[in-house]
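Each remark here refers to the structure printed beneath this line.
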Amino acid sequence: MTPRRLLITGGSGTLGFSAIRQFVSAPGFQVFAPVRRVMPFLEQLGPGVEFIVHDLKDEPATLRLVQQINPDVIVHCAASGVRPPRSEWFEMFGFNVTGTIALFKAYCALPRTAHFVYISTGLVYQVQPRPLREDDPVGTLHPYGAGKAAADSLLLSAAAEFERSLTILRPFAFTGIQDGSERLFPGLLRAAVEGRPFSLTRGDQIRDFCAVQDVASAVIASVQRKPAALAEVFNIGSGRADSIRDTVERVCRELNLKVDLRFGDSPLPAFEPSCLVADITRARRELGWEPSTNLAYAVWQLAKEVAPSLHLSEPAREFARAGM
């Protein structure tokens, strides 16, 4: 069979990198990945992916690139503001909203058999004291979440207007290989390497953490199946509700990671939701997708990459089903 031509953005990010690795390993895909620059760590993905130096903010060039590649599927993982420090507000919104719509516009010039998969975020929702469903109200003042919510709404409108196939995936919190910058678990590992205390918020926020390879497998599942509707939305997470404090302490125990955790030393960032947990019933039912990786194992994999000097215990690869 002729391989399906797949264009995936955000290949140098945590999720994009993991998704490309899985696409390259899966049969039946020819992978093209536009990136701002080809960084050395991308070489480990091997010859199964063609990296193209490209600026997604250049709309005419994006249109030409999409026409040239003529992909069967576009997976849009690229985003601004995922990793702190946050981009300037207007620049972040310009990329996450205007850039996304420009890419969808280029997609609309492809044959109608093509498919567009957009990686959104669980941060788009209004806060609820329970697991969030895909039909829950969208709306937040969180800067990254607000931009993604705007793009979600516009993409759904465009898909209806132009009758184009669209899948929106809303991952909740995740970590693993290629996680970086000032995010929670890279920061934790860096503090351990440097032998200093690690400052955190109070840690009573309820979160749903997932291993990045599980989120990537949901991306693969969304591409490998025929969409059941013109536009679909799926929450992607572990479905497990834990406080940040309990999560961090559990990971440290499983890894035998020695860090002086200073809960309450850092202020809670503005507009951070008190509870952010995914109801993943729809993804289980319609994508046939199920998270399986123990979060501590994903952090252990990250540690091997960014903190090899740490001598950590290798935790179980899969979480216990009974207790998640």
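The values are calculated or read from the model by the stated rules, or taken from the named source; none is laboratory data. Predicted model only: the values in this text are computed from it and were never measured. Heads up, the Cβs are rebuilt from the backbone with ideal geometry, glycines too, and the neighbour counts pull from every protein chain shown.
Summary of values
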quantity: Any chance residue 315 is closer than 22 Å to residue 167 by Cβ, in contact (Cβ under 8 Å) with a residue 60 or more places away in the chain and part of a loop (DSSP other than H, G, I, E, B); calculated: no
quantity: Selected residue [in a strand (DSSP E or B) and either out of contact with any Lys or Arg (no Cβ under 6 Å at 6 or more places or on another chain) or under 20 Å from residue 214 (Cβ atoms) (or both)] from 7, 15; calculated: 7
quantity: Search result, residues across region 55-77 that are part of a loop (DSSP other than H, G, I, E, B) and at pLDDT 95 or above; calculated: 70, 71, 72, 77
quantity: Which listed residue, of 104, 41, 90, is surrounded by fewer than 18 Cβ atoms within 10 Å (Cβ to Cβ) and closer than 25 Å to residue 216 by Cα; calculated: 41
quantity: Whichever residue in region 81-102 is without any contact (Cβ under 8 Å) to a residue 24 or more places away in the chain and in a loop (DSSP other than H, G, I, E, B) and, among such residues, is nearest to residue 225 (Cα to Cα); calculated: 87
quantity: Wholly enclosed strands (runs of 3 or more DSSP E) of region 189-276 bearing at least 1 residues charged (D, E, K, R); calculated: 231-236, 261-263
quantity: When residues of region 11-23 are limited to those that are closer than 20 Å to residue 302 by Cβ and of a type in the set (A, V, I, L, M, F, W, C), the one surrounded by the fewest Cβ atoms within 10 Å (Cβ to Cβ); calculated: 17
quantity: Residue match in region 277-285 (condition: hydroxyl-bearing (Ser, Thr, Tyr) and either on the phi > 0 side of the Ramachandran plot or part of a helix (DSSP H, G or I) (or both)); calculated: yes
quantity: Any pair with Cβ under 9 angstrom, 6 or more apart, that starts in region 174-187 at a residue that is within 13 Å of residue 82 (Cβ to Cβ) and β-branched (Val, Ile, Thr) and ends at one that is part of a loop (DSSP other than H, G, I, E, B) and at pLDDT below 95; calculated: 175/183
quantity: Hits in region 188-208 (condition: buried (at least 17 other Cβ atoms within 10 Å of the Cβ) and under 22 Å from residue 309 (Cβ atoms)); calculated: 188, 189, 191, 192, 198
quantity: Complete set of residues in region 123-145 that are hydrophobic (A, V, I, L, M, F, W, C) and without any contact (Cβ under 8 Å) to a residue 40 or more places away in the chain; calculated: 138
quantity: First in region 59-70 and in contact (Cβ under 8 Å) with a residue 60 or more places away in the chain, second anywhere and among the aliphatic types (A, V, I, L, M), Cβ under 8 Å, 6 or more apart; calculated: 69/7; 70/110
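Conditions tested, residue by residue: (1) of a type in the set (Val, Ile, Thr); (2) buried (at least 20 other Cβ atoms within 10 Å of the Cβ); (3) in contact with a Pro (Cβ under 8 Å, 6 or more places away or on another chain).
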| residue | (1), (2), (3) |
| --- | --- |
| 211 | no, yes, yes |
| 225 | no, no, no |
| 231 | no, no, no |
| 236 | yes, yes, yes |
| 246 | no, no, no |
| 256 | no, no, no |
| 260 | no, no, yes |
